[in-house]
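For reference, the structure discussed in these notes is given below.
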Amino acid sequence: MNARFVRYVARLEPLRAPLRPFFASIEGRLARAVGTPAIYAIAIGAIGASIYISLGIVADFALGLTPVAYLAAGVFFVVTMLTYVEANSLHPERGGASTFARYAFDELWSFIAGWGIVLDYLIVMALCAFAVPDYLAAFWGHAGDRGVEHAIAAGVILWAVLVNLRGLRADQLGLVLRLGTLNVILLIAVVAIGAASLWDLDAVTDGVDLGTSPEWDDLAFAAVIAGLALTGLEAASGVAGEIRPNRKQMSRVIGTSSATAFLVLIGISLVGLMALPVVGGETPLGEDFHEAPLLGVVSSYDWLDQTLRYAVGAMAALVLVQATTANMMGVSRLAYSLATNRQIPSAVGRLDPRRSTPWVAISVCGLLAFGLVLTSDLDFLAGTFAFGATLAFAIAHASVIRLRFREATARRPYRMPLSISVRGGSIPLPAALGLVMAVAAWVSVVVLHEGARYAGAAWLVGGLLLYVIYRRGQDKPLRKRFTIPAAVLQERGAEIEYGSILVPVFGSKLDDDIIGTAGRLAAEEAAEGEGGTVIEAIYVLEIPMSLPIDARVPDEQIQAAKAALRRAKEVGEEYAGVEVAPATARARSLGAGIVDEARRRGVEAIVLAAEEPTRMRGGSGLGGRSGPRDRYVGEMTRYVVEKAPCRVILTAPPAGEVAEREGVQP
């Protein structure tokens, strides 16, 4: 995907010339920062969408202190982004807070975090879809009528479902980036025009009476709702796990996203109160324009008001549709992560056999999101969002602190600044601040918002019951991790027969994991059929081109091969009904040897330990890569995937875990 994205952006180069300086600051040099704009695009899309739907709710509660609420949300956004970046650099997997909790604590806490984020995704999708017709009212006054409103919202959610069923493409990432950039430019223009024509700080401060207008509990609740943009961090986290940007790239994303968040959130809230100030303890932002606050802001401008209404209405509709799609992408990836780790039934994570998208999860989430739209209660939805978001982000911050001790020596491509050394580890101060803010916010929501308290508690308890019943039904403990290969989630997974499985072994400690994966597949097949399944474990002896293929192999290499195969047989035959047939093979390269053996033996599948790609560049003359290449796997794995005559199942632990098992110092 990364290489295609680079080529796509290159074709757009002539169209980017007028905005080249701005794009350069957020894209960097794409030849070296492949995919980083995709992370920024998702994050900035969430920021832009959040102001369209949250301003009215926040202003309704925070009144004249609405900018203060957004300032607090901006600080929380920054510290939470630092937490996500560090945790993702340590464990670059899908799942966000759920994945962080898995490595820091256990599967139960991982599920709680993931379940809370699922709720947030559903609510944000409902809020975005619900707001689209209200902004389209700038063109057609009846778009906000109740029946029409629900029909348009249903169409938005259906579009998000269809796009995600097809799968994310490189050209869509380019569209998201350009749309997000244009949206930021428009919002900055709204701020600039409002500041130039309406600047009056007294209009903002005159309506403030601390403790009364607003009340302290309302201000606290508003600050939590102002953090709607944080769901973008979860969605971007799933993409970051695949792109794996380096420290410099992520520093650029953090700086640009943080600056964008503060500029947009605080700037819009200031000019919004200048345009529609608080009078008598109320502001039209939270009353007349509750569902489309930006339209109310630009409608108050003395000039360009109608032009800006059309521009804001059109841009808001496009951004909110894109945000709905991005959140659907996030929940589908999270559902896949939960399913592969046996935290929800595998049927929910079932993958489409052709596009490998979790179609069941996407369809169910689409229906649930539309059900939330039908409530038509923005304050209730926002409060329930706050319950799940604050809980999940508190777990994320606690996880990154715990990982500083639990995996203190593991390699971290990015490490957040400002840490205090403690015996055996360190405490990152941004994460500590984020943890305190998240816990305080969660407590305030539980205590002060009755609807969120009961709805959030019902969601959490229901999820825990589902988790316990499913785990107990699978005879699995609640806290231990169990994974299943992605192939098991394929639509035709139940029909796949693994009469024989080829497993290359290399004499490393990772061989046990790979044989274990094949053993589980083989044992399930044996339990469903009448006969057993054969695991054909092979050790490929790589013969240099300078020697004949039948040249004598050194004794130490033969002994290493025998030891690896002996261990593979011991591990594989621990599974009921599984037989392991060990063998050696000679080849000029590992990839060619594996493919040749699979073709000769006629196996149904290859279970392969995917090796990491080379980090060298400089062209083939220097033994490196000559141009942009994707970063997912190395050359041997790529060769097997492209040339194998059968299904290939790749499996490998995260990079930090590999280093730990192999005894390598990070």
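Quick note: the coordinates plus some simple rules give every number you see, no bench work behind them. In this text, all values refer to a predicted model and were calculated from it rather than measured experimentally. Note that we place each Cβ from the backbone using ideal geometry, even for glycine, and neighbour counts take in every protein chain shown.
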The answer for the net charge of residues other than A151 whose Cβ lies under 15 angstrom from its Cβ, with Lys and Arg +1 and Asp and Glu -1, is -2
What net charge is computed for the residues neighbouring V400, neighbours being all others with C-beta under 12 Å from the C-beta of V400, Lys and Arg scored +1, Asp and Glu -1? +3
For 147-156, 109-118, ranked highest to lowest by mean beta-carbon neighbours within 10 Å, the order is 109-118, 147-156
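Using packing as a proxy for protection, rank 397-404, 309-316 so that the peptide with the highest average count of other Cβ atoms within 10 Å comes first. Present the calculation step by step, with values, prior to reporting the outcome.
Numbers: 397-404: 24.4, 309-316: 19.9.
By packing density, highest mean first, the sequence is 397-404, 309-316.
Mind ranking 129-138, 179-188 by how tightly packed they are, going by the mean number of other C-beta atoms within 10 angstrom, highest first? Don't skip to the end; give the middle numbers.
Details: 129-138: 25.6, 179-188: 20.0.
So the peptides 129-138, 179-188, ranked by packing, come out 129-138, 179-188.
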So for the pair R453, L263, with labels modelled 7 Å out along Cα→Cβ, what separation do we get in nm? 4.2
Taking r as the C-beta separation of D209 and R166 and R0 as 60 Å, the FRET efficiency to the nearest 0.05 is 0.70
Taking the simple approach of a point 7 Å from Cα along Cα-to-Cβ for both D202 and A311, what is their distance in nm? 3.0
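Using the 10 angstrom Cβ neighbour count as an exposure proxy, how do C646, C365, C128 rank, fewest first? The partial results should precede the final answer.
Values: C646 17, C365 27, C128 31.
In increasing order of surrounding Cβ atoms, one gets C646, C365, C128.
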Added length on full extension, which subtracts the Cα-Cα distance from 0.36 nm per residue, A592 to T409: 62.2 nm
Tell me, in nm to one decimal, what length is gained between A581 and L374 on full extension, where the rule is 0.36 nm per residue of separation less the Cα-Cα distance? 68.6 nm
